[in-house]
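> One structure follows; several queries about it will come next.
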Amino acid sequence: MDRLVVIGNGMAGVSAVEEILKIRQDLSITLFGDEPHVNYNRVLLSEVLAGERRFEEITLHTREWYDQNKIDLRLGVRITAIDPLAKTVSDSEGKVTSYDRLLITVGSIPFIPPIQGVGTQQAEASERGRPACRTGSLHPAWPVEGATQAPIIEKQGVFVFRNIEDTQKILAQAHLAKQAVVIGGGLLGLEAARGLVNHGVSATVVHLMDRLMEQQLDAASAAMLKREVERLGIGVALNTTVTEILGDEKVTGVRLTTGQALSAGMVLICTGVRPNIDLARSARLKTNRGIVVNDHLQTSSPDIYAIGDVIEHRGKTYGLVAPLRDQARVVADHLVGEKKLSYEGTVCATILKVAGVKLTSAGVFLGGDGHEEMVYLDTRSAIYKKLVFQNNRLVGMILLGDNKNGTRLFNLIRSGQDISTVKDQLIQMGSGQPSIQVDSSLSTVSTMADTELICNCHTVTKGTIMQAIRDKGLKTRDEVANSTKASTGCGSCAQSVEDLLQDVN
Ligand SMILES: Cc1cc2nc3c(=O)[nH]c(=O)nc-3n(C[C@H](O)[C@H](O)[C@H](O)COP(=O)(O)OP(=O)(O)OC[C@H]3O[C@@H](n4cnc5c(N)ncnc54)[C@H](O)[C@@H]3O)c2cc1C
């Protein structure tokens, strides 16, 4: 294999190229990205919207990086068709490029539910319209009929939140609008609402379900989160949604299923994402909700691979960063390596990036039949901790208000190790009682072994981070991120990095 073509210059595409370059440097790599930007950290758009970071600060790879690695980067160029028999791709500039192997990493696109007053392009009514929505908030029963193929929003002041352009437009409108409605009370909707509040916009989150972040929280933690979110000045309307966007050319408000009208100078639609499968479908690759891949991340056409938000693996779609890092390592091994690795799925943790609210959720957080649950609730301090066990293994958790043990506990969930000898101590750890001394091998990051992973996305160990902090005199999380890459993936280890900085400095 000499010629690799990658479609999509997002986090999955570039992660795969990074892994490939670790194994082989003599490939001809052509990378198509229809956004006009070099690879950036999409996760951090929430912090850009909140005014906590500038756009320049979320770049992951500079133009020089592509040049140094002899990657033929085609920025702002969209692939319009794949011909698996001829092994070529056609692009928006009318050019045709040949490949030996093709990697599709075209991600996901915002899902827009049918709402009167939103200009949409109708998709066929089928299962494929149902979003992946880990970062979104879609009600499983939300009708997929009328789901959009791609978001086309005609009314001024109505936005989706997916890329740099969306964020720029939202920020510009935030300086004009006084009130905003955010449709969707999942991770993305809450982060967007917080961002708007930071700019002085009064935001109300409208959510179809009976609780916020129902894909990550149980009823008790969601109720506590609602109180915390309201404390930040964000309004929350549950059990209802928007049926109509009001206003002629410009949005003036929304109408809810209850009949109530809310005034708004801007509306953000954060109702989940769905894998961007249209290109693959046109090429007659096997698709369902996502592009169907096997454990080698190979599509139904043997020379075409796919990873990231766009795939469906063992019936599952993700919509998160951690899986795409795991997938990048496997796909690189199959494209240029020893073909020894296989992808078996990723256990995911979700961290809410809303300043002032500490929240981590992972694994089987609901518990239920066949599970044992430990719950600690302190309404005065707004702390809720739940650990879920099954067969002497930690299989899920919710940490709200205090997630400093999140990395450690998540490592136990990921490893699936037998915790029978330390279960009582884990329960004590979760109990929030500061006086309790737990086995040093289980407590916070400061007592983790140097060989243990802090950043699962970039496989950065505690030892690497500690050494960088000491040797380079690092003082801030951003400095650690620039030096080691830790916390630049899904961001779930950010608190652990802060804790290590505190330990050393
Ligand atoms: C605001 C926000 C916050 C998030 N927060 C978190 C978080 O806290 N934790 C977490 O794990 N995940 C989070 N996510 C989700 C995470 O960003 C995605 O899982 C991740 O970016 C997926 O990477 P990807 O490369 O598969 O897809 P994408 O990032 O969507 O990249 C795909 C790229 O391909 C391009 N493309 C599409 N079609 C074509 C074509 N035909 N030709 C050329 N290029 C094309 C797209 O424009 C895009 O640049 C967040 C997402 C957003 C928007």
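> Working only within segment 19-36, note down all residues that are near the ligand (Cβ under 8 Å from one of its atoms) and either part of a loop (DSSP other than H, G, I, E, B) or charged (D, E, K, R) (or both). Quick ask: steps written out before the conclusion?
Step one: of segment 19-36, the residues near the ligand (Cβ under 8 Å from one of its atoms) are 32-35.
Those that are near the ligand (Cβ under 8 Å from one of its atoms) and either part of a loop (DSSP other than H, G, I, E, B) or charged (D, E, K, R) (or both): ASP34, GLU35.
> Has segment 398-416 got any residue that is modelled with pLDDT of 90 or more, of a type outside the set (A, V, I, L, M) and more than 27 Å from ASP503 (Cα to Cα)?
No, segment 398-416 contains no residue that is modelled with pLDDT of 90 or more, of a type outside the set (A, V, I, L, M) and more than 27 Å from ASP503 (Cα to Cα).
> Pull up segment 92-109, narrow it to residues that are outside any loop (DSSP other than H, G, I, E, B) and either within 30 Å of the chain's Cα centre (by Cα) or in contact (Cβ under 8 Å) with a residue 60 or more places away in the chain (or both), then point me to the one that is farthest from ASP333 (Cα to Cα).
Applying the first criterion (outside any loop (DSSP other than H, G, I, E, B)) to segment 92-109 yields 96-98, 101-104, 108-109.
Keeping just the survivors that are either within 30 Å of the chain's Cα centre (by Cα) or in contact (Cβ under 8 Å) with a residue 60 or more places away in the chain (or both) gives 97-98, 101-104, 108-109.
Numbers: THR97: 24, SER98: 22, ARG101: 13, LEU102: 14, LEU103: 13, ILE104: 16, SER108: 24, ILE109: 28 Å.
Only one residue fits best here, namely ILE109.
> Could you list all residues from segment 23-74 that are closer than 28 Å to ASN198 by Cα and of a type in the set (S, T, N, Q)?
Step one: list which residues in segment 23-74 are closer than 28 Å to ASN198 by Cα, which gives 35-60.
Listed by number, the residues that qualify are ASN39, ASN41, SER46, THR59.
> Another question, if that's okay. May I ask you to list pairs of residues, at least six apart or on different chains, whose Cβ atoms are under 6 Å apart, with the first in segment 7-23 being free of Cβ contacts under 8 Å to residues at least 60 places away in the same chain and the second being assigned to a loop (DSSP other than H, G, I, E, B) and near the ligand (Cβ under 9 Å from one of its atoms)?
Filtered contacts from segment 7-23: VAL14/ASN39.
> Just the residues that are part of a helix (DSSP H, G or I) and over 29 Å from the mean Cα position of the chain (by Cα), please, taken from segment 407-426. Talk me through it step by step, then tell me what you get.
Applying the first criterion (part of a helix (DSSP H, G or I)) to segment 407-426 yields 407-415, 423-426.
Scanning segment 407-426 gives LYS423, ASP424, GLN425.
> Suppose the filter is part of a loop (DSSP other than H, G, I, E, B) and buried (at least 17 other Cβ atoms within 10 Å of the Cβ); does LEU285 pass it? Give the derivation first.
Numbers: part of a loop (DSSP other than H, G, I, E, B): yes; buried (at least 17 other Cβ atoms within 10 Å of the Cβ): yes.
Yes; evaluated as a whole, the condition is true for this residue.
> Show the residue pairs meeting these rules: Cβ distance below 7 Å; 6+ apart or different chains; first residue within segment 367-383 and of a type in the set (S, T, N, Q); second residue assigned to a loop (DSSP other than H, G, I, E, B).
Matching pairs, first to second residue: SER381/GLY401.
> If you check every pair at least six apart or on different chains, which have Cβ atoms under 6 Å apart with a residue in segment 281-295 that is in contact (Cβ under 8 Å) with a residue 12 or more places away in the chain first and a residue that is among the acidic types (Asp, Glu) and crowded, with 20+ Cβ neighbours inside 10 Å second?
The qualifying pairs are ASN288/GLU312; ARG289/GLU312; GLY290/GLU312; VAL292/GLU312.
> Residues GLY195, GLY184: which one is within 16 Å of the ligand (Cβ to nearest atom) and within 26 Å of LEU366 (Cα to Cα)? So that I can check it myself, show each step before the final result.
Details: GLY195 fails: within 26 Å of LEU366 (Cα to Cα).
The conditions single out GLY184.
> Shifting gears a bit: Only one of these conditions is not met by LEU297: (1) at pLDDT below 95; (2) assigned by TED's automatic domain parsing to the domain that holds ILE20. Which number is it?
(1)
So that you can scan it fast, the table gives a plain yes or no per residue for (1) over 22 Å from PRO323 (Cβ atoms); (2) free of Cβ contacts under 8 Å to residues at least 60 places away in the same chain; (3) away from the ligand (no atom under 16 Å from the Cβ):
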site	(1), (2), (3)
MET448	yes, yes, yes
GLU452	no, yes, yes
HIS458	no, no, no
THR461	no, yes, yes
ALA494	no, no, no
VAL497	no, yes, no
ASP503	yes, yes, yes
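> Kindly provide the set of residues from segment 205-228 that are assigned to a loop (DSSP other than H, G, I, E, B) and either touching a residue at least 60 places away in the same chain (Cβ under 8 Å) or buried (at least 20 other Cβ atoms within 10 Å of the Cβ) (or both), ordered by number.
HIS207, LEU208, MET209, LEU212, MET213, GLU214, GLN215, GLN216, LEU217, ASP218 - these are the residues of segment 205-228 that are assigned to a loop (DSSP other than H, G, I, E, B) and either touching a residue at least 60 places away in the same chain (Cβ under 8 Å) or buried (at least 20 other Cβ atoms within 10 Å of the Cβ) (or both).
> So which residues in segment 174-204 are out of contact with any Phe, Trp or Tyr (no Cβ under 7 Å at 6 or more places or on another chain), closer than 16 Å to PHE161 by Cα and in a helix (DSSP H, G or I), if there are any at all?
Passing the criteria: ALA174, LEU187, GLY189, LEU190, GLU191, ALA193, ARG194, GLY195, LEU196, VAL197.
> Specify the residue that is surrounded by the most Cβ atoms within 10 Å (Cβ to Cβ); the eligible residues are those in segment 288-325 that are within 12 Å of the ligand (Cβ to nearest atom) and not hydrophobic (A, V, I, L, M, F, W, C).
GLY308
> Out of VAL77, VAL14, VAL89, which single residue is at pLDDT 95 or above, touching a strand residue (DSSP E or B) at 6+ places or on another chain (Cβ under 8 Å) and either assigned to a strand (DSSP E or B) or more than 14 Å from the ligand (Cβ to nearest atom) (or both)? Give the derivation first.
Details: VAL77 fails: either assigned to a strand (DSSP E or B) or more than 14 Å from the ligand (Cβ to nearest atom) (or both); VAL14 fails: either assigned to a strand (DSSP E or B) or more than 14 Å from the ligand (Cβ to nearest atom) (or both).
The unique qualifying residue is VAL89.
> Taking GLY259, is it within 25 Å of ASN198 (Cα to Cα) and in a loop (DSSP other than H, G, I, E, B)? Break it down into steps so the answer makes sense when it comes.
Values: within 25 Å of ASN198 (Cα to Cα): no; in a loop (DSSP other than H, G, I, E, B): yes.
No.
> Which count do you get for residues in segment 331-348 that are within 25 Å of GLY416 (Cα to Cα) and either touching a strand residue (DSSP E or B) at 6+ places or on another chain (Cβ under 7 Å) or within 15 Å of the ligand (Cβ to nearest atom) (or both)?
The qualifying residues number 6.
> A further question follows. Starting from residues that are within 23 Å of ILE311 (Cα to Cα) and out of contact with any Lys or Arg (no Cβ under 7 Å at 6 or more places or on another chain), keep the ones in segment 38-60 and report whichever is farthest from the ligand (Cβ to nearest atom). Before the answer, list the steps.
First pass over segment 38-60, keeping only residues within 23 Å of ILE311 (Cα to Cα): 38-45, 60.
Among the residues that remain, those that are also out of contact with any Lys or Arg (no Cβ under 7 Å at 6 or more places or on another chain) are: 39-43, 45, 60.
Values: ASN39: 8, TYR40: 9, ASN41: 8, ARG42: 4, VAL43: 4, LEU45: 4, LEU60: 11 Å.
Within segment 38-60, the match that is farthest from the ligand (Cβ to nearest atom) is LEU60.
> Keeping to segment 310-353, report how many residues are under 15 Å from the mean Cα position of the chain (by Cα), touching a residue at least 60 places away in the same chain (Cβ under 8 Å) and assigned by TED's automatic domain parsing to the domain that holds ILE7.
Number of matching residues: 10.
> Determine whether segment 342-352 contains at least one residue that is more than 29 Å from PRO110 (Cα to Cα) and either buried (at least 24 other Cβ atoms within 10 Å of the Cβ) or out of contact with any helix residue (DSSP H, G or I) (no Cβ under 6 Å at 6 or more places or on another chain) (or both).
Going through segment 342-352, the residues more than 29 Å from PRO110 (Cα to Cα) turn out to be 342.
So of that shortlist, the ones also either buried (at least 24 other Cβ atoms within 10 Å of the Cβ) or out of contact with any helix residue (DSSP H, G or I) (no Cβ under 6 Å at 6 or more places or on another chain) (or both) come out as 342.
Yes, the conditions are met somewhere in segment 342-352.
The values are calculated or read from the model by the stated rules, or taken from the named source; none is laboratory data. Everything numeric here is computed off the predicted structure, so don't read it as measured data. Every residue, glycine among them, receives a Cβ derived from its backbone with ideal geometry; neighbour counts consider all protein chains shown.
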